[in-house]
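In what follows, a single structure is set out as structure tokens and then discussed.
Quick note: the coordinates plus some simple rules give every number you see, no bench work behind them. All figures in this text were calculated on a predicted structure; none of them were measured in a lab. Here Cβ is always computed from backbone atoms with ideal geometry, including for glycine, and neighbour counts include all displayed protein chains.
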Ligand code: BDR
Ligand code: CA
């Protein structure tokens, strides 16, 4: 029997974070130990509620949500008024809930999980890295098996400023701590995610798929794909980090080190230098393979 990978999903839903949860729930490769939330796309109350709303939509109330950091390590949280995530953070799709409450103390939950399964737990972090940086104040990096994160823009422009990607911009101090921790880390930045995009036409086709999971995806992503007058919409930021874990050959890159700018106009800029190091930065992605998997999920609820 396949040994399932034990994971904690640390996230700030966020439409794409919600899709990560939805996909992860359907993967036989994963044992989800819990979900921890962080302030990022929206304030903590909303990101926590959205994690629960997603679980409730799929009837998975067996998985608990733990509330994490309400603001970045040393900065104030400045959430943009206008974003792809809508006002509620789930694309203003009118999803019900939440009926349940999140549990307190994400850090306590993570520490307990790492103590129970030393060296076995993978953390998938799809928001600002605040919770992980706080965790590293108390636990040795060797306690964590591996990190998969969506963070940074390396050879491409940022999406908040010319220099910075959103998660790195919101908490650059936390990103620095995580990147220098020595934990084996796979990083999906905009360099990868920019290359996986749908047209509005393709999206409208997906709206025809009549399954609960396709409805969830299209309802939450409808606003994002409509609001910009762009040809293609690269909206699969966080799901690419998850899919890399599930299908290791989908993304290729290089090993090395990452530095993060934390002052001035380049705040949040991530600079990669290849060579010895603990981070592996994604550079190329097989987009067709990603869409094959997405379609299997939307049509049949199957995830690799
Ligand atoms: C990242 O920022 C957020 O808006 C998304 O959820 C993703 O984690 C993309 O830059
Ligand atoms: Ca996110």
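Points to keep in mind about this one:
- Protection proxy ranking of 68-74, 262-268, 36-42, 134-140 - average other beta-carbon atoms within 10 Å, highest first: 36-42, 68-74, 134-140, 262-268
- Length available on full extension from residue 138 to residue 257: 0.36 nm per residue minus the Cα-Cα distance, which gives 40.5 nm.
- Largest to smallest principal axis extent of the C-alpha atoms in the range 119-173, angstrom: 37, 18, 14
- Dividing the summed -39500 (n - 2.57) terms of all DSSP H runs of n ≥ 4 by the residue count of the chain sets its mean residue ellipticity at 222 nm at -10500 deg cm²/dmol.
- Distance from the C-alpha centroid of the range 59-119 to that of the range 242-304: 22 Å, rounded to the whole angstrom.
- Packing-based ranking, highest mean first, of 276-282, 94-100 given that Cβ atoms within 10 Å are counted: 276-282, 94-100
- Antiparallel bridges, percent of DSSP beta bridges restricted to the chain (to nearest 5): 35 percent
- Shape call, the range 11-144: gyration tensor on alpha carbons, a/c limit 1.5: oblate
- For the chain, the spread of Cα positions along each principal axis, largest first, Å: 46, 40, 40
- Using a Förster distance of 25 Å, the FRET efficiency for residue 274-residue 231 (Cβ separation, nearest 0.05): 0.20
- Of 19, 294, 147, the one that fluctuates the most in a GNM where the chain has Cα springs shorter than 10 Å: 294
- Between residue 117 and residue 162, the modelled label-to-label distance comes to 4.5 nm, taking each label 7 Å out from Cα in the direction of the beta carbon.
- FRET efficiency for the pair residue 78 and residue 194, taken as 1/(1 + (r/R0)^6) with r the Cβ-Cβ distance and R0 = 30 Å, rounds to 0.80.
- When the P(r) of the range 52-126 is calculated, the portion above 21 Å amounts to 47% of the C-alpha pairs.
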